[in-house]
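To start, I am sharing the structure in question, which I have written as structure tokens.
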Amino acid sequence: MQTRKQTRLAVGLLAMAILSVTLFSFSLRPGGDHFEVYINKKLVFQQIVSQPSSLKNFSLDESNKSDRVEVFYSHCGKIGSKRTITIKDGKNTVKQWRFSDVGSHKFMSIGAKDILAFQNKNADRTINLYYSSEELPEGRLLASITLSTDSKNAMP
């Protein structure tokens, strides 16, 4: 009789353990692409691509010329290969940077001075920041950048 109770208890505990592992192996939020934009390692914004959101905008001016703009893009938890960041003025590509596939280089870093170089070439002072990779060859618009002449509008 005692052995039967122990067996039932062991089977019940095993069933609960299997059920727990099964339930907790699924995330409440589905995975997906997400990206983050930083200036000097300070988070400016982040976005989960599957969630609706308006186009993000940030400003740069001459006070930012020594800053670094960094982009992190994750494809369902993995870093892409053949990654590029492109600056476009309307639909025209103005500049493109290519980044290493090495896993330790998760962030794609661009000098703000390289972005500010387009300030005099763009009448409306707005350019767009795009990301593309082997996993996302059509590219994705990440943000709009206002090249401001007023240092009060620039990001810290």
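The values are calculated or read from the model by the stated rules, or taken from the named source; none is laboratory data. These numbers were taken from a predicted model, which means no experiment stands behind them. Cβ placement follows ideal geometry from the backbone for every residue including glycine, while neighbour counts extend to all protein chains displayed.
Please find, within region 99-113, the residue that is farthest from Val37 (Cα to Cα) out of those that are part of a loop (DSSP other than H, G, I, E, B) and among the charged types (D, E, K, R).
Only one residue fits best here, namely Asp101.
When you check Gln51 against the structure, is it modelled with pLDDT of 85 or more and surrounded by fewer than 15 Cβ atoms within 10 Å (Cβ to Cβ), yes or no?
Answer is no for this residue.
Do you know which residues across region 81-98 are part of a loop (DSSP other than H, G, I, E, B) and either among the hydroxyl-bearing types (Ser, Thr, Tyr) or at pLDDT 90 or above (or both)?
Those that are part of a loop (DSSP other than H, G, I, E, B) and either among the hydroxyl-bearing types (Ser, Thr, Tyr) or at pLDDT 90 or above (or both): Ser81, Lys82.
What pairs can you find where one residue is in region 100-115 and at pLDDT below 90, the other is in a loop (DSSP other than H, G, I, E, B), and their Cβ atoms are less than 8 Å apart, with a gap of 6+ or different chains?
Asp101/Ser81; Asp101/Lys82
Looking only at region 27-80, which residues are assigned to a loop (DSSP other than H, G, I, E, B) and either of a type in the set (Val, Ile, Thr) or under 22 Å from Trp97 (Cα atoms) (or both)?
If the condition is that a residue be assigned to a loop (DSSP other than H, G, I, E, B) and either of a type in the set (Val, Ile, Thr) or under 22 Å from Trp97 (Cα atoms) (or both), then Asp33, Asn40, Lys41, Val49, Leu55, Asp61, Lys65, Ser66, Asp67, Gly80 are the ones that fit.
Then there's this: Across region 6-48, what is the total count of residues that are modelled with pLDDT of 85 or more and of a type in the set (Lys, Arg)?
Matching residues across region 6-48 total 2.
Would it be correct to say that Asn57 is crowded, with 16+ Cβ neighbours inside 10 Å and in contact (Cβ under 8 Å) with a residue 24 or more places away in the chain?
no
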